[in-house]
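Below is one structure, written out as structure tokens; the observations come after it.
The values are calculated or read from the model by the stated rules, or taken from the named source; none is laboratory data. Quick caveat: nothing in here was measured; it's all calculated off a predicted structure. So basically every Cβ, Gly included, is an ideal-geometry build from the backbone, and we count neighbours across all protein chains shown.
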Amino acid sequence: MEKNLNGTEPWWKRSVVYQIYPRSFMDSNGDGIGDLQGIISKLDYLCKLGIDVIWLSPIYDSPNDDNGYDIRDYRAIMREFGTMADFERLIKEAKYRGIRIVMDLVVNHTSDEHSWFIESRKSTSSKYRDFYIWREGKDGAPPNNWGSIFSGSAWERDEKTGSYYLHLFSKKQPDLNWEHQPLRKEIYEMMTFWLDKGIGGFRMDVINFISKDVRFPDGAVHPEQVFADGSAYFMNGPKIHTYLREMNEAVLQNYDVLTVGEMPGATPEDAQIYTNPENRELNMVFTFEHMDLDRGPYEKWDIQPLQLVDLKKNLEKWQQALHHKGWNSLYWNNHDQPRVVSRFGDEREYREQSAKMLAICLHMLQGTPYIYQGEELGMTNVKFASIEDYQDIETINMYKEKREQGIPHEKIMESIYAKGRDNARTPMQWTPDGGFTTGVPWMQMNNNVNEINAESALANPDSIFYTYQKLIKLRKSHDIITYGSFQLLLSEHPYLFVYKRVLESEEWLVVANFSKRSEKLVWSDCDVEGKNGQVVIANYEHLEVNKKALEVRPYEAFVLSFQREKNSPCHF
Ligand code: NOJ
């Protein structure tokens, strides 16, 4: 068993996290916007699924330029979502069901309506001036050529003092200045405020962006791009480890909580540093590497087909790098990514099979799995006809920018259909007629709700929901899932993802077909020929395990367990 520094097994290693995007989860008062009482009303559903932790996307007071990732007041609840009393009740009701609540910690930036920023922009001598990153322009232009992740320049000139402030995201999300100690102190106190309410930890928004190269050098401008990619100067920046260790010492070490850092651009080597318990930084990170395999070199909107071999090799790299050295978080979906069944599976004929296959393939890896709301139902992407139907600031800004560059509407919409964040943000599909709200939902519901919804899933013992439920149960009763080593097999096979997990005398073989074709699997290639395998979980019935080879059916996935022979050489 891998123990913590204090000798105990960390609870979050065996946990499964369920992410809620509160705006779209469940509306209790008919205003069309999901809320905390709505979440409370669905705790029994989550309990039935079996999850241990809920990660709540931001519920703080916000003007909602970026749906809560622009915080106006770190210590208040967003009005549409309810009150502090509702939040405290949520913690209590969740705890009663054995579920912990992890909050989103968004401290790379605030809203421009946060009182710190209102004060900061008033004058160069404001007490809060250094809470943000202010620089003078260069010859009437911004201080450098960096682009914002949400289009346009990353700098905005402010009328009052004539200086520019940095905003890596929208201009209503000014970046905080972590160089300034009083700001850090405020953040740590705010974290303590929430931890003392009994929350179970933090998911830290773009936390590896908080330390910038304060020289703010120009970045290289790629062909076809107007602004530079400045990420080399703010991702995993010079003081990031110092800040995270300071945060740990000031706050986190005093609580037994889960911490996961959202870290675009983090490599397995970076993750080893961030998540090695001896470094006292974070428990785990969200990598983006596997999410970036179906995009072009400069932007996510450039769609490329996924090559399974790349995905396998990437996941293998992470599995190997963090085994005994740190910890992985496992995910296919979140509120920023398109729905995985539409992306890496088949949203039509094989929707059920491919959703289950993806679940089995991910949940058998080493790490803490994250399920994003609706993933357990196999919810799919949406195709709204007009840009007016979209709500996401990133999507809308990109659309405007590309239209100005003369790119045709249809071409841009293709990218939005494949990659837009609203794919994940349509309201949760509870019943055949919606069930999310009695009013008008803030964003259109996916029009396949009649077919795909929780009510139907719960009534069908063969549904995707129950595959997730079973995977969660397996994790609780089989140490091999949490602690076993990982070995990739058939690494060059273009359609089959095959790997082994091994713990002491036990060996599990995981087979997943990522295609619509049947694929031949020869048992001797998996080093299990003639051994007596037991089916642990499968997404098709009647698995023939006694022959020399097997036709793995479209999107089929299964796990077989074997007892290793006492004297067999250890391959791992
Ligand atoms: C990452 C979050 O996941 C995303 O939704 C948000 O827009 C940006 N960070 C900015 O906070």
What single numbered condition from (1) in contact with a helix residue (DSSP H, G or I) (Cβ under 8 Å, 6 or more places away or on another chain); (2) surrounded by 13 or more Cβ atoms within 10 Å (Cβ to Cβ); (3) part of a loop (DSSP other than H, G, I, E, B) fails to hold for Leu543? (1)
So for segment 178-190 (the condition being buried (at least 23 other Cβ atoms within 10 Å of the Cβ), within 18 Å of Val106 (Cα to Cα) and among the aliphatic types (A, V, I, L, M)), does at least one residue qualify? no
What is the residue count in segment 157-185 for residues that are among the charged types (D, E, K, R) and part of a helix (DSSP H, G or I)? 2
Run down Ile412, Ile393, Ile407 and say which single residue is under 30 Å from Val226 (Cβ atoms), surrounded by fewer than 22 Cβ atoms within 10 Å (Cβ to Cβ), within 16 Å of the ligand (Cβ to nearest atom) and hydrophobic (A, V, I, L, M, F, W, C). Ile393
If Phe117 satisfies every condition in (1) in contact with a Gly (Cβ under 9 Å, 6 or more places away or on another chain); (2) part of a helix (DSSP H, G or I); (3) within 16 Å of the ligand (Cβ to nearest atom) but one, which is the exception? (1)
Enumeration of residues in segment 403-435 that are of a type in the set (D, E, K, R) and touching a residue at least 60 places away in the same chain (Cβ under 8 Å): Glu414, Lys419, Arg421, Arg425
Could you please let me know if Gln444 is surrounded by fewer than 19 Cβ atoms within 10 Å (Cβ to Cβ) and either touching a residue at least 24 places away in the same chain (Cβ under 8 Å) or in contact with a Lys or Arg (Cβ under 8 Å, 6 or more places away or on another chain) (or both)? yes
(1) within 16 Å of the ligand (Cβ to nearest atom); (2) among the small types (Gly, Ala, Ser); (3) out of contact with any Ser or Thr (no Cβ under 9 Å at 6 or more places or on another chain) all hold for Ser354 apart from (1)
Would you point out the residue of segment 233-276, among those that are buried (at least 17 other Cβ atoms within 10 Å of the Cβ) and in contact with a Pro (Cβ under 9 Å, 6 or more places away or on another chain), that is nearest to Val102 (Cα to Cα)? Leu258
Across segment 204-215, which residue is farthest from the ligand (Cβ to nearest atom) among those that are over 14 Å from Thr110 (Cα atoms) and either in contact with a Leu (Cβ under 7 Å, 6 or more places away or on another chain) or part of a loop (DSSP other than H, G, I, E, B) (or both)? Arg215
The correct count of residues that are under 34 Å from the mean Cα position of the chain (by Cα) and modelled with pLDDT under 85 in segment 536-569 is 1
Which numbered condition His290 fails, given (1) crowded, with 18+ Cβ neighbours inside 10 Å; (2) in a loop (DSSP other than H, G, I, E, B): (2)
Exactly one of Val528, Val535, Val498 is part of a strand (DSSP E or B), surrounded by fewer than 19 Cβ atoms within 10 Å (Cβ to Cβ), of a type outside the set (Gly, Ala, Ser) and without any contact (Cβ under 8 Å) to a residue 40 or more places away in the chain, and that one is Val535
In segment 84-100, is there at least one residue being within 20 Å of the chain's Cα centre (by Cα) and more than 11 Å from the ligand (Cβ to nearest atom)? yes
Considering only segment 132-155, I want to know if a residue exists there that is touching a Pro at 6+ places or on another chain (Cβ under 6 Å), among the hydroxyl-bearing types (Ser, Thr, Tyr) and within 16 Å of the ligand (Cβ to nearest atom). yes
Cβ pairs under 8 Å, 6+ apart or interchain, first in segment 250-264 and without any contact (Cβ under 8 Å) to a residue 60 or more places away in the chain, second aromatic (Phe, Trp, Tyr) and more than 16 Å from the ligand (Cβ to nearest atom), ordered by first then second residue, are Gly261/Tyr274; Met263/Tyr274
